[in-house]
Amino acid sequence: MKTFNHLIRWTLLILPVAITIGTVVAFFLWLLSAAIHLRFDHQWLLFLLPFAGVLIHLIYQSAGKSSERGNNLIMDEIHETGGGVPWRMAPVILTTTIITHLFGGSAGREGTAVQIGGSIAAVFGKWFKLNEQDTKMVLTAGIAAGFGAVFGTPVTGAIFALEVLTLGRIKYDALFPALIASVIADLTVSAWQIRHTAYHIAVLPKTSYFLSAYLPIDIFLLSKVIAASVAFGLASYLFSFAVHGIKQIFSRLFTISWFIPLAGGLIIIGLTYLIGKPDYLSLGVDAEYPGAITIPSAFIQGGADTWSWLWKTVYTTLTLGTGFKGGEVTPLFYIGATLGNTMSGLLNAPVSLFAALGFIAVFAGATNTPLACTMMGIELFGSEYTLFFAVACFTAYFFSGHAGIYSAQRAAVPKILDNLPAGSAANGLKNSYLTQKMSRYKIRLKQK
């Protein structure tokens, strides 16, 4: 009877929260698409990117306040109750993300959706007068709802919300609220007629070799998956290291804080004209012109350049590191898919499969969420290649070290034998090999 009452209580609590989050996320996705296509039609908007960065800075200085910590603030509130998640977080992050994309900043949408979810969940938690433990659970459900709704992956959203908080440990007490919230929010987005991009892995031809009659999988293809996934993990590490490093470098270069987004916008404009195409601006899902490099194009032979993944890394880390807003996940999808395209050529492997593996594995390494990313592969691409999804995500997870894009993510259990203390931040950049090498040249990075 207690179990039944628990399920009913949380269903009734989560239902209005999830519907509200789903509705706001649907509105956000509609606005985001409109902003991106408006820039496609008016390319001169890119020249206003530096001033858009200054505007974003001023918005956070005047109205954002603690909201600028974004996802990390929500995660810290779940770990240990502090000042709370402000209601203004949702409208501020929604507005500043749209500004970022309207003027060409290379960012994502997951961070915005998660902050929308956390902010709305916090408001409902206060209205319902929830105690501390229940507030933490409803915040976790808010993360799940935002993530599941923005990508159309409800099961992934629930697992991600539980897995992302602490490296090496999953708290299952919020599993039911998280799953209900993610499913309802995703259904709400669908009810508002918002459609997500569909991805497809081409059917792989059957190959035979001397052991194929005895083994249920292609071990040669599996070995290629492992080799590529090492590269995916290293790409995750590079992204995490760069986004934290750029923040530190620019904060030291400029004592006047609004100069940072101004400089970041100018550099992005310069890079765009240096390489001669706008492919690495904004989200990277819709094509600005025929033949543009996008996430869908990476699933096709010749659909990405050899260094597309590196250019997107540079653009996105510059955008986020200099104060523009959005998220990291969709750019990580882009980096992974285009790197998978490149690795497929090097390893003579199926293009669409390796683009899909890179899509989820780089994300897994950067967020330290291999279980959620394996499930994302199943939800987005089908279950036929589940083994490859798992191998790619866990390999990338191990080879990304303790680096991560979320500074509030804690480490309960080290990935491998290491001297990283339990309970510390999962980034581990201070102890990283690359940081130690950089310190020889007087370049030291601090963690906020």
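Of the helices (runs of 4 or more DSSP H) that lie entirely inside region 1-91, those containing 2 or more residues that are more than 23 Å from V138 (Cβ to Cβ) span 2-41, 49-59. Condition first: of a type in the set (A, V, I, L, M) and assigned to a loop (DSSP other than H, G, I, E, B). Now tell me which residues in region 286-325 satisfy that. Passing the criteria: A287, A292, I293, I295, I300, A304.
Scanning region 95-107 for residues that are open to solvent by less than 20 Å² (accessible area, probe 1.4 Å) and either among the aliphatic types (A, V, I, L, M) or part of a loop (DSSP other than H, G, I, E, B) (or both) yields G104, G105, S106, A107. Once region 108-136 is narrowed to residues that are touching a residue at least 40 places away in the same chain (Cβ under 8 Å) and among the aromatic types (F, W, Y), the residue that is surrounded by the fewest Cβ atoms within 10 Å (Cβ to Cβ) is F128. Counting the residues of region 305-319 that are among the acidic types (D, E) and either surrounded by 24 or more Cβ atoms within 10 Å (Cβ to Cβ) or under 13 Å from the mean Cα position of the chain (by Cα) (or both) gives 0. Is at least one residue of region 260-276 free of Cβ contacts under 8 Å to residues at least 12 places away in the same chain and either open to solvent by 70 Å² or more (accessible area, probe 1.4 Å) or in contact with a Ser or Thr (Cβ under 8 Å, 6 or more places away or on another chain) (or both)? Taking every residue of region 260-276 in turn, at least one turns out to be free of Cβ contacts under 8 Å to residues at least 12 places away in the same chain and either open to solvent by 70 Å² or more (accessible area, probe 1.4 Å) or in contact with a Ser or Thr (Cβ under 8 Å, 6 or more places away or on another chain) (or both). Filtered by the rule that a residue be open to solvent by less than 20 Å² (accessible area, probe 1.4 Å), closer than 18 Å to A198 by Cα and either among the hydrophobic types (A, V, I, L, M, F, W, C) or more than 21 Å from the chain's Cα centre (by Cα) (or both), region 280-303 gives L283, V285, A292, I293, I295, A298, G303.
Selection of first residues in region 45-61 that are under 13 Å from I98 (Cβ atoms) and of second residues that are hydrophobic (A, V, I, L, M, F, W, C) and not in a helix (DSSP H, G or I), restricted to Cβ pairs under 8 Å at least 6 apart or on distinct chains, gives the following pairs, ordered by first then second residue: L45/F103; A52/F103; A52/F324; I56/F324. For region 69-92, check the following and say yes or no: at least one residue is at pLDDT 95 or above and either open to solvent by 40 Å² or more (accessible area, probe 1.4 Å) or within 20 Å of the chain's Cα centre (by Cα) (or both). The answer is no, given that none of the residues of region 69-92 is at pLDDT 95 or above and either open to solvent by 40 Å² or more (accessible area, probe 1.4 Å) or within 20 Å of the chain's Cα centre (by Cα) (or both).
Per-residue answers, yes or no, for (1) of a type in the set (D, E, K, R); (2) modelled with pLDDT under 95; (3) open to solvent by less than 10 Å² (accessible area, probe 1.4 Å):
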{"position": "G146", "(1), (2), (3)": "no, no, yes"}
{"position": "L165", "(1), (2), (3)": "no, yes, no"}
{"position": "G168", "(1), (2), (3)": "no, yes, no"}
{"position": "K171", "(1), (2), (3)": "yes, yes, no"}
{"position": "F176", "(1), (2), (3)": "no, yes, no"}
{"position": "V183", "(1), (2), (3)": "no, no, no"}
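Of all the numbered requirements in (1) under 21 Å from the mean Cα position of the chain (by Cα); (2) closer than 28 Å to L165 by Cβ; (3) at pLDDT below 95, G382 misses one, and that requirement is (2). Considering (1) open to solvent by 10 Å² or more (accessible area, probe 1.4 Å); (2) in contact with a Leu (Cβ under 9 Å, 6 or more places away or on another chain); (3) of a type in the set (S, T, Y), the lone condition that T322 does not fulfil carries the number (1).
The values are calculated or read from the model by the stated rules, or taken from the named source; none is laboratory data. The model shown is predicted, which means the values in this text are computed figures rather than measured ones. In this analysis, Cβ positions are derived from the backbone assuming ideal geometry, glycine residues included, and neighbour counts consider all displayed protein chains. Accessible surface is based on the protein model in full, side chains and every heavy atom, while ligands, DNA and RNA are left aside. Shrake-Rupley method; radii C 1.70, N 1.55, O 1.52, S 1.80 Å.
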